[in-house]
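Have a look at the structure below, then the notes.
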Amino acid sequence: MADIILGIESSCDDTSAAVISDRVLLSNVIASQDVHRAYGGVVPELASRAHEQNIIPVVSEALSRAGVAPSELSAIAFTRGPGLLGSLLVGTSFAKALSLSLEVPMVMVNHLQGHVLAGFIRQQGQPVREPSFPYLCLLVSGGNSQIVKVNSPLDFEILGQTIDDAVGEAFDKCSKMLGLGYPGGPIIDRLAKEGNPDRFHFAKPHIDGLDYSFSGVKTSLLYFVRDEMAKDPLFMDKNKEDICASFQKCLIDILMDKLIKAVRQTGIKEIAIGGGVAANSGLRARVEAEGRKRGWNTYLPELKFTTDNAAMIAVAGYFHYLAGERAPLDIAPVSRIADF
Ligand code: KG4
């Protein structure tokens, strides 16, 4: 009999619920929160309140679209962290209440594991193409920039990570600084398509090993724009496409230099990407191009599985469930998790 898992994700500003049968996706419902747009960033208190309003309708909708009755669930997988504590509390408390009332076990999932395992979501009627173990995952989001070696669904090694800002943070903060809006990643991605990526050059960090740094490039962009605007106040307006294209190329170069180094060091040529920044069109094209050139097998998640979603939590939860793991009812969410 198939294992039917309900996934619940509420780590930041998306309330999501998904149902899978073994690893096949039956439904994936996401309620995004527009309330933060006016503030240029996620406001934690508003996020918690919106999760409270959304969670019941989102879970009901996921079950009904899947055609699954609550009594048919094998387990409830929920995001324990990392994320905003108030947001995580809503998903965790809801999972506990449902688990208690249905007498169905709970499994806890590390949100980052979800992103790393997004490539294992299977979709009805679509061919299965999944990385084989071990594979390398470039995990790039608003809170993380890591190269992770995935030995098995539940065995992860962080080979390198950012020592300061995450790459998504660099996109978001620079977009805000340039007056382009929030969230910055999709806006810069869109403008970059119209610009010349080789027009401007920004300082790249020199960090040992496989670690990343993105705070220097942000400062380099800030000083560059400030100096140019002093000469021509319309500089930004006239050149925003080229600035975005050049800045995005610089970020992608930084990400790819270390990924290529990681492949060289490990000899692993199974390469996946995950996290919100994995939606970036420039990064996706570059990973595929490097893959063709270097003989890698590349795995890019569909765009809907790059941002926060419960389908990836359900799939990661499925692996934990199969391994016999169960979360106790007194489990508490955690805003930070140092490791996988
Ligand atoms: O994984 P995610 O939804 O949330 C967490 O950080 O956990 O990632 C959000 C990040 C934001 O920084 C957003 O600007 C970035 O992903 N992002 C993008 C794109 N779409 C979303 N960055 C670059 N290009 C994109 N197309």
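Brief remarks follow.
- Environment charge at MET177 (Cβ cut-off 11 Å; Lys +1, Arg +1, Asp -1, Glu -1): +3
- The residues packed around LEU136, meaning those with a beta-carbon under 9 Å from its beta-carbon, carry a net charge of +1 if Lys and Arg are +1 and Asp and Glu are -1.
- Cα-based helix-to-principal-axis angle, 235-266 vs the chain, degrees rounded to 10: 60
- Kirkwood Rh, angstrom, the range 129-253 [1 / mean 1/r, Cα pairs]: 15.6
- Between 0 and 90 degrees, the angle of helix 44-66 with respect to the longest Cα principal axis of the chain falls at about 50 degrees.
- Cα-centred dipole magnitude for the chain, charges only on beta-carbon of K, R (+1) and D, E (-1), debye, nearest 20: 740
- Highest average packing first - 195-208, 12-25, Cβ atoms within 10 Å: 12-25, 195-208
- Euclidean distance of C-alpha centroids, the range 91-130 and the range 138-200, integer Å: 25
- Residue-averaged [θ]222 nm for the chain, counting only DSSP H segments that reach four residues, each worth -39500 (n - 2.57): -14000 deg cm²/dmol
- Between helix 167-177 and the chain: long-axis angle, C-alpha atoms, 0 to 90°, nearest 10: 60
- Of GLY179, GLY91, GLY143, the one that fluctuates the most in a GNM where the chain has Cα springs shorter than 10 Å: GLY179
- Exceeding the 29 Å Cα-Cα cut-off - candidates LYS218/LYS238; LYS240/LYS293; LYS238/LYS261; LYS218/LYS258; LYS96/LYS176; LYS176/LYS269: LYS240/LYS293; LYS238/LYS261; LYS96/LYS176; LYS176/LYS269
- Charge dipole (debye, nearest 20) of the range 119-165; +1 at Cβ of Lys and Arg, -1 at Cβ of Asp and Glu: 280
- Gaussian network model of the chain, springs between alpha carbon atoms under 10 Å - residue of LEU322, LEU221, LEU303 with greatest fluctuation: LEU322
- Ratio of Rg to Rh over the chain (Cα coordinates, Kirkwood Rh, two decimals): 0.99
- Comparing PHE171, PHE78, PHE319 in a Gaussian network model of the chain, where Cα atoms under 10 Å apart are tied by springs, the biggest mean-square fluctuation is seen for PHE319.
- Those aspartates and glutamates that a straight Cα-Cα span of less than 15 Å connects to LYS204, excepting residues fewer than 8 apart in one chain: ASP164, ASP165, ASP253, ASP257
- Our coupling estimate for the range 118-123, obtained by passing each phi through the Karplus curve with A = 6.51, B = -1.76, C = 1.60 and θ = phi - 60°, is 4, x, 9, 6, 9, 10 Hz, Gly and Pro reported as x.
- DSSP-defined antiparallel bridges as percent of all bridges, the chain, nearest 5: 60
- Placing dummy labels 7 Å off each Cα toward the beta-carbon, the span from ARG226 to SER281 is 3.2 nm.
- Radius of gyration and maximum dimension Dmax of the range 51-172, Cα, Å: 16.8, 46
- Each listed q (0.17, 0.25, 0.27 Å⁻¹) maps to a log10 I(q)/I(0) for the range 1-82 from the Debye sum over equal C-alpha point scatterers, namely -0.66, -1.13, -1.25.
- For GLU270, net neighbour charge (Lys/Arg +1, Asp/Glu -1) across residues whose Cβ lies under 13 Å away: +3
- Residue-by-residue Karplus 3J(HN,Hα) for the range 91-104, coefficients 6.51, -1.76, 1.60, Hz, glycine and proline x: x, 5, 5, 5, 4, 4, 4, 5, 4, 5, 6, 8, 6, 10
Throughout, read-outs are computed from the coordinates displayed, never taken from laboratory work. All values reported here derive from a predicted model rather than from experimental measurement. FYI the Cβ positions are ideal-geometry reconstructions off the backbone, even for glycines, and counts take in every protein chain you see.
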